[in-house]
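Okay, so here's the structure we're looking at.
The values are calculated or read from the model by the stated rules, or taken from the named source; none is laboratory data. Nothing here was measured: the structure is a model prediction, and the numbers come from that model. Methodologically, a virtual Cβ is constructed for each residue, glycine included, from the backbone with ideal geometry; neighbour enumeration extends over all protein chains shown.
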Amino acid sequence: MRIIRTIKIDTDKCTGCRACELACAGFHAEPKYSTINPKRSRIRVQRDEQNKLFVPVKAGPYTEAECSGRNILVIKGKEYGECSFCRSACPARDLFKEPDSGLPLKCDMCGEPAPEEPLCVKWCLPGALTFHKRVEENGPVLPAEAEYADEVEEL
Amino acid sequence: MVYGWMGSLLEVDLSSGEKKKRAVATDFYETYLGGKGMNARIYYDRIHPEVEPLSPDNLLIISTGVLTGTMVPSANRAIFSFKSPQNRLHMHSAMGGFWPVELKQTGHDSLIIKGQAAKPVYLWIHDDIIELRDAAHLWGKGTYETTQMIRKELNNDKLQVACIGPAGENLCYAASIESSVGASASRGGAGAVMGAKFLKAIAVYGTRDIRLARPHALFEKCEQILAGSGPFQRDMENFSYTMAVLNTLGTGMFGNLNETYPDLSPESLFKQDLDGIVLGFHEWLKKAEGSAACSNCGVKCRTALPLPGGGYAYLKCHLWNAFMVGAKIVDYSFVLECCRLSQDNGLDINAVSRCIAFAIDLYQQGIITKQDTGGMDLRWNDKEVVYSLIHDISLRRGFGRMLAEGVHAAASYICRGAENHAHHIKKLEYVPSAALLYLPYLGLTQAISDKVDISRNVSGPSIAWAGLTTEQRQALVDSPAWIYPKDYERYFLQNFSLDGSDHESGCRFAAYDDETYSIVDSIGLCAYWTVFLMNAPINSRALMAELVSHTTGLDISEDDLTLVGRRALNLVRAINVRSGLQRKDDSLSKIIHKTPPSPFLKPLDPVVFDKWLDRYYELKGWNQEGIPTSQTLQALGLEEVFPALKKMEGAHAHHTNHKN
Ligand code: SF4
Ligand code: SF4
Ligand code: SF4
């Protein structure tokens with residue numbers, strides 16, 4: 001048996017309020033909650049008000065090298081670099097790195113012991129972030145799942 | 001180490017290019033907490049009565065609140081204070097959105113801008129990197145484009161920009177300072193003060209921590225607030241809707257002051273196709289694509305609507321109705337276009353929509369003609385008229401020159417009886433709600449306001465009060481929506497007559513509410529979350545005191561907080577009295593005393609109004625000239641302010657309103 005924990009992101013419901021950033025940053029402060037600094041958050045909201053595009057992006061793994069070929073996304077008629085929605089802490093940018101030390105940040109689904117609901121989900125009143133947990137029979141972890149599920153916990 | 005505050009203030013002199021970062025003394029923070037109060041102190045000490053508002057000597061003082069940027073829901077405000085070019089009095093404009101939190105994260109609680117640049121510049125603050133950069137290429141650009149260009153130029157799509165548009169550059173008195181999702185510092189000509197300094201924009205990006213003294217207690221409190229915010233969230237979802245329907249009707253009902261008075265008789269009201277209007281609005285709302293909100297605010301406050309030419313407009317509150325009522329046009333696509341034009345040109349929608357209504361009214365009354373308007377035919381219900389006036393005003397072009405300094409100034413150029421159509425309080429245009437001004441509470445809150453902005457004066461429960469039955473009032477008093485002290489319950493429960501003669505309740509609530517707003521504007525919260533709406537989750541001073549205490553680690557009681565609010569309010573009053581504000585300025589448009597907009601209403605008797613004012617002053621600890629007494633100031637630790645006020649006493653022969 002294993003539990004797969006996922007956060008579903010509904011960008012249509014996101015109001016771009018960045019409460020998720022503040023909650024995550026506070027939760028991971030040392031000591032807990034002692035500081036607020038969204039630049040330390042493991043979730044950052046890409047905001048383009050003119051195009052009403054609010055996309056929360058959770059920090060993924062650190063990558064040693066930046067992508068060689070980057071794609072261009074066209075959303076509602078406007079062009080965006082692929083980096084805008086990328087999860088990686090990557091040498092090409094400051095996003096998802098501690099502002100002082102530059103160390104990479106990664107979403108840990110709120111560490112151990114895992115809170116009942118991840119903090120960003122709890123603070124997202126508009127319901128853009130929802131938490132889903134499903135139990136699956138044991139079996140080989142499919143590569144696709146291993147890559148995309150946020151946290152796989154073997155029981 | 002201070003908690004809550006960042007500990008420093010940044011002062012930038014545009015004339016010399018000098019930038020100074022200074023530590024702020026802890027007791028200064030404790031006395032004022034931030035925002036309105038801190039600004040008022042700096043203003044009192046440094047902007048003297050003879051300073052010309054558009055000269056290099058005026059300061060633009062910007063302070064965040066002690067809670068700004070913390071986990072407290074809606075803690076995202078900064079207050080912009082300056083001497084207003086419109087009435088030469090103190091003005092404090094509040095900005096939400098994301099800019100204030102970003103400023104605070106650069107490590108500065110406050111920013112003071114003085115002097116005047118030799119050519120257009122913009123200010124870039126990135127933590128300790130502080131630069132004045134050339135803005136020649138931005139001058140003349142709208143606020144949307146300016147923001148995009150700065151983000152591109154500094155290669156940072158997450159920095160926040162507060163900037164002026166053409167209206168500010170051209171020193172229009174309705175000019176605002178605009179920022180993200182329609183957040184702006186709008187009232188009193190904030191944009192003109194920036195324009196006069198040749199300061200196009202202030203771009204900020206900060207990476208500093210905001211430290212909290214009792215983090216667990218604060219988080220727990222905030223989670224409780226969120227958990228209990230259900231009714232408020234629902235109200236906010238319906239708020240746009242309520243505003244729109246009310247104000248669609250409002251073209252007849254709310255009383256557009258600028259026209260031959262609307263007919264408020266029951267026949268006329270029910271003649272309107274209410275169902276049709278409601279249905280039409282439902283249809284319209286289907287175009288909405290979700291909502292947007294300010295930093296750390298989880299409610300659906302601003303409705304996002306796609307603009308026909310691409311992009312989005314975000315509508316909330318008076319954006320829905322200001323132009324519809326002003327120009328007598330029931331058409332939501334018109335509202336969208338006006339909203340876009342005002343935000344892009346950097347204009348206060350309340351002020352500019354009233355200027356336009358005033359002009360059309362004068363034309364319709366034959367007071368002005370095509371000779372004055374440069375050939376323009378000013379008709380009600382004509383979108384093109386409104387669009388061209390918005391452009392002409394922001395560019396001070398043609399007839400727009402006449403309107404660029406507001407209705408009061410325009411009326412004094414025009415003469416010919418125009419002043420009888422110029423509706424303003426202390427020379428500031430105000431939200432059209434004529435019919436409401438007849439109630440002591442509402443009339444008074446507007447007349448005495450140091451900002452003349454309905455969302456800085458009135459509270460949810462008191463607005464609702466007149467419309468509630470005795471049982472409903474009792475239920476409200478027993479519910480969490482009750483915001484006043486225990487001994488105010490009887491004023492809320494008692495019945496009252498509609499002629500304004502029993503004013504005790506109204507005066508008490510007015511005198512309590514403006515103090516609460518001063519607290520809210522000093523600690524950095526949003527008016528909706530605190531006072532303006534009935535189910536506001538942070539509506540009690542006790543709760544606010546707790547949040548400030550957990551944030552700072554200081555033990556701030558409810559009474560301490562009350563003093564902070566009172567201190568800010570009295571300092572602003574002192575500044576204004578010192579600048580010549582008199583009792584007669586605490587008044588409503590003359591028309592309220594002459595011709596009411598409905599056969600329901602009798603003209604408001606000036607003698608009655610004077611009684612409201614007498615009582616309000618008494619409750620405030622001000623003398624009958626509206627000047628704070630030395631005891632009042634002493635209790636607030638402001639006794640050194642008194643001599644300057646003493647000089648003003650009797651400087652103007654004591655006139656009550658009805659005598660002049
Ligand atoms: S808290 Fe929710 S609505 Fe707000 S920005 Fe984050 S995901 Fe979007
Ligand atoms: S799940 Fe937890 S760690 Fe991950 S982004 Fe949300 S709050 Fe941060
Ligand atoms: S309620 Fe509206 S104005 Fe207030 S903080 Fe939220 S989004 Fe901003």
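Filtered by the rule that a residue be of a type outside the set (A, V, I, L, M, F, W, C) and surrounded by fewer than 23 Cβ atoms within 10 Å (Cβ to Cβ), the stretch B:401-420 gives B:Arg401, B:His408, B:Ser412, B:Tyr413, B:Arg416, B:Gly417, B:Glu419, B:Asn420.
Rundown of residues vs (1) among the hydroxyl-bearing types (Ser, Thr, Tyr); (2) over 28 Å from A:Glu136 (Cβ atoms), yes/no style:
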| position | (1), (2) |
| --- | --- |
| A:Ile3 | no, no |
| A:Glu30 | no, yes |
| A:Thr35 | yes, yes |
| A:Asp48 | no, yes |
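Is there a residue being in contact (Cβ under 8 Å) with a residue 24 or more places away in the chain, within 13 Å of chain A (Cβ to nearest Cβ) and either hydrophobic (A, V, I, L, M, F, W, C) or farther than 27 Å from A:Ala25 by Cβ (or both) anywhere in the stretch B:189-199? Spell out how you get there, then give the answer.
Taking the stretch B:189-199 and keeping what is in contact (Cβ under 8 Å) with a residue 24 or more places away in the chain, we get B:189-199.
The next check asks that each one be within 13 Å of chain A (Cβ to nearest Cβ); those that pass are none.
No, that holds for no residue.
Yes/no per residue for (1) surrounded by fewer than 23 Cβ atoms within 10 Å (Cβ to Cβ); (2) under 21 Å from the mean Cα position of the chain (by Cα):
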residue	(1), (2)
B:Glu546	yes, no
B:Leu554	yes, no
B:Asp559	yes, no
B:Gly565	no, yes
B:Arg573	no, yes
B:Asp585	yes, yes
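Between B:Val325, B:Val352, B:Val330, which is more than 16 Å from ligand 1 (Cβ to nearest atom), closer than 17 Å to B:Asn381 by Cβ and crowded, with 24+ Cβ neighbours inside 10 Å? Answer to the check: B:Val325.
Matching residues to (1) away from ligand 3 (no atom under 16 Å from the Cβ); (2) within 27 Å of B:Ala183 (Cα to Cα); (3) modelled with pLDDT under 90:
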{"residue": "A:Lys52", "(1), (2), (3)": "no, yes, no"}
{"residue": "A:Lys58", "(1), (2), (3)": "yes, yes, no"}
{"residue": "A:Glu64", "(1), (2), (3)": "yes, no, no"}
{"residue": "A:Cys86", "(1), (2), (3)": "yes, no, no"}
{"residue": "A:Ala114", "(1), (2), (3)": "yes, no, yes"}
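For the stretch A:70-84, a residue qualifies if it is closer than 24 Å to B:Leu307 by Cβ and within 16 Å of the chain's Cα centre (by Cα), and exactly one does: A:Ser84. Restricting the stretch B:127-157 to residues that are buried (at least 17 other Cβ atoms within 10 Å of the Cβ), touching a residue at least 60 places away in the same chain (Cβ under 8 Å) and within 13 Å of chain A (Cβ to nearest Cβ), the residue that is nearest to B:Leu111 (Cα to Cα) is B:Thr143. Scanning the stretch B:288-323 for residues that are away from every other protein chain (no Cβ under 11 Å) and more than 19 Å from B:Met95 (Cβ to Cβ) yields a total of 5. When the stretch B:63-82 is filtered for residues that are over 19 Å from B:Tyr528 (Cβ atoms) and either over 15 Å from the mean Cα position of the chain (by Cα) or within 14 Å of ligand 3 (Cβ to nearest atom) (or both), the ones remaining, listed by number, are B:Ser63, B:Val66. In this entry, B:Asp134 is excluded by the filter for residues that are modelled with pLDDT of 95 or more, within 30 Å of B:Val2 (Cβ to Cβ) and not β-branched (Val, Ile, Thr). A:Cys107 fulfils the conditions (1) within 30 Å of A:Asn51 (Cα to Cα); (2) away from chain B (no Cβ under 14 Å); (3) more than 16 Å from ligand 2 (Cβ to nearest atom) except for a single criterion, (3).
In the stretch B:475-489, what residues are over 18 Å from B:Ile463 (Cβ atoms) and surrounded by 13 or more Cβ atoms within 10 Å (Cβ to Cβ)? Selection gives nothing. Restricting attention to the stretch A:33-53, the residues that are facing another protein chain (nearest Cβ under 7 Å), among the charged types (D, E, K, R) and within 18 Å of A:Pro99 (Cα to Cα) total 1.
Of all residues in the stretch A:16-33 being more than 13 Å from the chain's Cα centre (by Cα), buried (at least 24 other Cβ atoms within 10 Å of the Cβ) and assigned to a loop (DSSP other than H, G, I, E, B), which is farthest from ligand 1 (Cβ to nearest atom)? Per the stated criteria, the residue is A:Gly16.
Kindly indicate which of B:Lys114, B:Lys21, B:Lys83, B:Lys104 is away from chain A (no Cβ under 14 Å) and closer than 28 Å to A:Glu21 by Cβ. Spell out the reasoning first.
Working: B:Lys114 fails: closer than 28 Å to A:Glu21 by Cβ; B:Lys83 fails: closer than 28 Å to A:Glu21 by Cβ; B:Lys104 fails: away from chain A (no Cβ under 14 Å).
Checking each option against the conditions leaves just B:Lys21.
Quick check on the stretch B:330-343. Is at least one of its residues within 16 Å of ligand 3 (Cβ to nearest atom) and modelled with pLDDT of 85 or more? Yes, some residue in the stretch B:330-343 is within 16 Å of ligand 3 (Cβ to nearest atom) and modelled with pLDDT of 85 or more.
If you take the residues of the stretch A:34-50 that are away from ligand 2 (no atom under 12 Å from the Cβ) and of a type in the set (Val, Ile, Thr), which of them is surrounded by the most Cβ atoms within 10 Å (Cβ to Cβ)? Break it down into steps so the answer makes sense when it comes.
Applying the first criterion (away from ligand 2 (no atom under 12 Å from the Cβ)) to the stretch A:34-50 yields A:34-37, A:39, A:46-50.
The next check asks that each one be of a type in the set (Val, Ile, Thr); those that pass are A:35-36.
On the way: A:Thr35: 20, A:Ile36: 29.
Looking at the filtered set, the residue picked out is A:Ile36.
If you go through the stretch B:316-327, how many residues are within 19 Å of B:Arg456 (Cα to Cα) and hydrophobic (A, V, I, L, M, F, W, C)? Let's see the steps before the verdict.
Residues of the stretch B:316-327 within 19 Å of B:Arg456 (Cα to Cα): B:316-322.
In the following step, the residues that additionally are hydrophobic (A, V, I, L, M, F, W, C) were identified as B:317, B:319-320, B:322.
Of the residues in that region, 4 qualify.
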